[in-house]
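What follows is calculated from the coordinates using simple rules that are stated; it is not laboratory data. In this text the structure is predicted, and so the values were computed from the model without any measurement. Heads up, the Cβs are rebuilt from the backbone with ideal geometry, glycines too, and the neighbour counts pull from every protein chain shown.
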Amino acid sequence: MGAVLYITFDGITDPLGRSQILPYLTGLSKMGHTIHILSQEKEDQFAREGEAVLELLKKYNIAWDHIDYKNKPPIIQPLIQRQAIKKRAVKIVATKAIDLVHCRSYMAGWVGLQIKNKSGTPFVFDMRGFWADERKEGGIWPHSNPIYRIVYHRVKQLERKLLFHANHIVSLTHKGKRIVAGWNHIRDFNDSISVIPCCADLEHFNPVQYSTKDREALRTTYGLNQEDIVIGYLGSIGTWYMLDEMLDAFAFWLKHIPNLKLFFLSKLSLEELNPKLLSRDIPNDSIRLHSTSYDRVPEHLALFDLGLFFILPVFSKSASSPVKQGEMLAMGLPVLCNRGVGDTDQVMEEIDESLLVNDFNEVAYKKVLHVLKDKGYREALAPVCKATANQWFDVNHGIETYHSIYTKLMR
């Protein structure tokens with residue numbers, strides 16, 4: 001096996017890094033690949049998780065270089081960060097006999113492209129979505145602003161270069177792959193695109209580890225009783241996650257099911273949430289808020305009865321794979337979600353299409369009431385949810401696909 005430089009502008013000490021980078025890389029290391037990570041890390045996250053991550057990497061003999069994360073001023077600072085990452089990457093490639101560069105998303109891909117142009121080292125472009133379109137559609141790069149309009153077009157130009165020159169492309173969704181494969185003005189993609197969704201470590205997200213007694217004890221900690229039906233949301237609330245619509249749906253369901261609770265396993269603040277609860281007549285006692293480490297996420301998911309997420313169904317989300325989907329399904333949780341996001345429709349239809357919300361109105365919300373009310377029905381869905389997670393989101397499948405890509409390119 002050869003040596004791989006893995007470049008990510010996301011921190012491996014972030015929750016996303018713990019769940020969506022390290023399980024793959026430790027698995028690839030076990031398969032004989034020599035891994036060197038290059039990342040940028042947030043100061044608070046590094047202070048909290050750095051020691052644990054270092055111990056994990058040491059166990060798998062994975063090397064790690066990183067720079068401090070900075071993002072202000074916008075546009076300028078990310079370019080400075082890219083230059084710093086590039087400088088480190090060039091040195092690593094020159095001194096560590098790197099055979100392949102694995103680039104997570106566009107900024108990392110830019111560095112990988114420059115290294116390939118300079119040294120001929122092949123690179124994998126791990127897209128992670130249509131980044132420029134995400135920034136535009138999310139209002140982060142408002143098209144009304146001429147500067148951001150220029151940035152958008154420049155990044156779209158970079159996207160074409162990355163897709164043309166990458167030795168292999170990884171898409172998070174089959175829907176995204178079909179879109180890219182249709183861009184035959186760039187190149188003939190044929191077998192150069194693989195699909196690897198946001199997977200879950202099924203040993204970590206394993207409901208068998210948590211007994212009924214464990215579940216009841218944790219429920220008691222949060223003031224939940226056996227009769228409460230708990231809908232759980234996992235992860236951050238940001239540009240794409242439709243908090244207002246999720247609260248609208250919960251307010252409607254609450255009128256029909258008084259013992260319904262909504263648990264945000266998130267860093268969402270009560271100050272941000274309170275005005276939204278007040279305007280919808282949602283009592284504070286119906287809401288729970290808590291943030292926890294990646295290690296303790298599964299035990300908290302075990303106290304939920306269902307999962308929930310609504311994501312803005314726009315073009316850029318065709319290439320998105322919600323991390324929370326695989327993790328909640330792995331825990332046997334039926335997940336209430338909306339159509340129009342990546343492969344979500346197909347995944348949920350394999351379980352029960354009545355879990356999919358077709359629109360954001362009371363007519364659509366009413367159609368899923370039977371799932372909330374019927375405990376036996378939810379329990380019957382649990383093994384189907386776990387089987388679907390195994391089929392779609394098992395991290396070992398992702399590791400095997402990366403391994404085959406690495407082996408093919410290094411050969």
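Which percent of the Cα-Cα distances in segment 207-393 go past 21 Å?
Counting pairs separated by more than 21 Å, the tail of P(r) holds 47 percent.
Quick one: helix 146-165 against the long Cα principal axis of the chain, what's the angle to the nearest 10°, folded into 0 to 90?
The angle comes out at about 70 degrees.
On C-alpha positions alone, give me the angle between the axis of helix 395-410 and the longest principal axis of the chain, in degrees, nearest 10.
Helix 395-410 sits at roughly 10 degrees to that axis.
Determine how many Å³ per residue the convex hull of the Cα atoms of segment 100-188 encloses.
98
Can you tell me the convex hull volume per residue for segment 93-135, based on C-alpha atoms, in Å³ to the nearest whole number?
Spelled out: Cα convex hull of segment 93-135, divided by residues, is 61 Å³.
Of Lys58/Lys408; Lys116/Lys317; Lys30/Lys86; Lys72/Lys261; Lys136/Lys324, which pairs sit farther than 32 Å apart, going by alpha carbon to alpha carbon?
Lys72/Lys261
Peptides 298-305, 30-37, 333-340, 355-362: what's the order by average Cβ count within 10 Å, highest mean first?
The most tightly packed comes first, giving 333-340, 298-305, 30-37, 355-362.
For a test of the definition: using alpha carbon positions, the gyration tensor, and the 1.5 limit on a/c, classify segment 198-244 as rounded, prolate or oblate.
It is oblate, given that a/c is not under 1.5 and a/b is not larger than b/c.
Counting only helical runs of four or more DSSP H residues, what would the 222 nm mean residue ellipticity of the chain come to if each run contributes -39,500 (n - 2.57) and the total is spread over all its residues?
-14500 deg cm²/dmol
Report for segment 207-393 the percent antiparallel among DSSP-assigned beta bridges with both residues inside it, nearest 5.
5
Quick check on packing: order 397-405, 71-79 by the mean number of other C-beta atoms within 10 Å, highest mean leading.
397-405, 71-79
Just in segment 49-83: which GluC sites (Glu not before Pro) are loop by DSSP and have at most 11 other Cβ atoms within 10 Å?
Listed in order of number, the matching sites amount to none.
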